[in-house]
Amino acid sequence: MTDKEREYMFDQAIALTEVLNRQCDGLMDMIDNIDNREIAANRVSSLEADGDYIFHEFSMRFNYIVIEPSEHRAMVFSMLRHIEQAVDMIDELAKSVVRYNISEVPDGFRSAVNGICGAVRKEMHLVNVLRVYDSSRRVSFIRAVNDFDAFKVEYSKMYDMLIFDLFSNDYDPVYIMKWKSVYDAVLKVFESFEVSADDCYRYVIF
């Protein structure tokens with residue numbers, strides 16, 4: 001892989017994280033104006049289409065980039081693919097808010113969306129650290145990975161509390177069903193972030 005090809009790869013990775021960041025703006029608009037949730041969800045979905053386009057263009061060019069060994073090549077592709085997968089998961093979360101006709105924003109959901117936005121900012125930072133990585137930056141890279149990965153741990157704890165609350169209080173069964181589905185969608189977003197953090201770590205190891 002030439003320096004020019006490496007720059008191209010990280011340009012696309014950064015472009016995908018910028019799509020994630022704009023999706024977060026859409027999610028924040030959604031929870032601040034829940035009555036207009038469909039408009040916000042459509043905005044997030046249009047950004048998902050932008051992410052698809054970036055990744056598909058990368059995939060086509062990647063066919064002509066030579067990276068050895070083959071395991072390293074697969075890992076580089078995986079890194080971009082999983083950032084794009086996070087874009088898909090945020091789109092699915094926004095759609096679930098519309099699908100289940102969410103008309104109120106509990107504190108737990110607002111905290112979850114804020115957590116997603118914080119994680120995306122950390123991912124943008126991680127990709128930028130990785131772009132200029134060398135052995136002298138090892139400490140800053142490990143710190144960036146840990147900071148990013150910590151959001152998954154924190155949300156897992158929050159998820160357990162939110163689900164416990166759903167099934168411990170006298171909520172309507174329909175309320176329980178729809179919020180369980182929404183919180184599961186949030187969990188999938190954080191799980192995709194965790195995979196991205198692992199990809200970045202493997203990149204440095206190789």
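The stretch between V174 and N114 holds 19.1 nm of extra length on full extension. This uses 0.36 nm per residue minus the Cα-Cα distance. Computed from Cα positions, the angle between helix 138-168 and the longest principal axis of the chain comes to roughly 20 degrees.
Computed over neighbours whose Cβ is under 13 Å from that of Y171, the net charge equals -2, Lys and Arg +1, Asp and Glu -1. Placing pseudo-labels 7 Å out from each Cα toward the beta carbon at E154 and N42 gives an inter-label distance of 3.4 nm. Of I31, I142, I90, the residue with the greatest mean-square motion in the GNM of the chain, using alpha carbon springs below 10 Å, is I142. For segment 1-85, GluC sites (Glu not before Pro) are listed when DSSP marks them as loop and at most 16 other Cβ atoms sit within 10 Å of their Cβ; the list is empty. All other residues whose Cβ lies under 12 angstrom from that of V195 are scored, Lys and Arg at +1 and Asp and Glu at -1, for a net of -3.
Taking the longest Cα principal axis of the chain as reference, the axis of helix 3-32 is set at about 10 degrees. Calculated from DSSP H runs of 4 or more alone, at -39500 (n - 2.57) each and per residue, what is the 222 nm mean residue ellipticity of the chain, nearest 500? Computed ellipticity for the chain at 222 nm equals -30500 deg cm²/dmol. In segment 11-170, the alpha-carbon atoms span a convex hull of 124 Å³ per residue. Helix 107-131 and the longest principal axis of the C-alpha atoms of the chain enclose an angle of approximately 0°.
By the Cβ distance rule (another cysteine Cβ under 4.7 Å), the unpaired cysteines of the chain are C200.
Think of each Lys and Arg Cβ as +1 and each Asp and Glu Cβ as -1; about the Cα centre, that makes the dipole of segment 3-205 roughly 420 debye. Which residues among segment 30-68 fall inside the zone where the amide N is under 19 Å from a point 7 Å beyond the Cα of T2, along Cα→Cβ? Zone members listed by number: 58-68.
Every read-out reported here was derived from the displayed coordinates using simple, explicitly stated rules and does not represent laboratory data. From a predicted model like this one, the values you see are computed outputs, not experimental measurements. For neighbour counting, all protein chains shown are included, and Cβ atoms are generated from backbone atoms with ideal geometry for every residue, glycine included.
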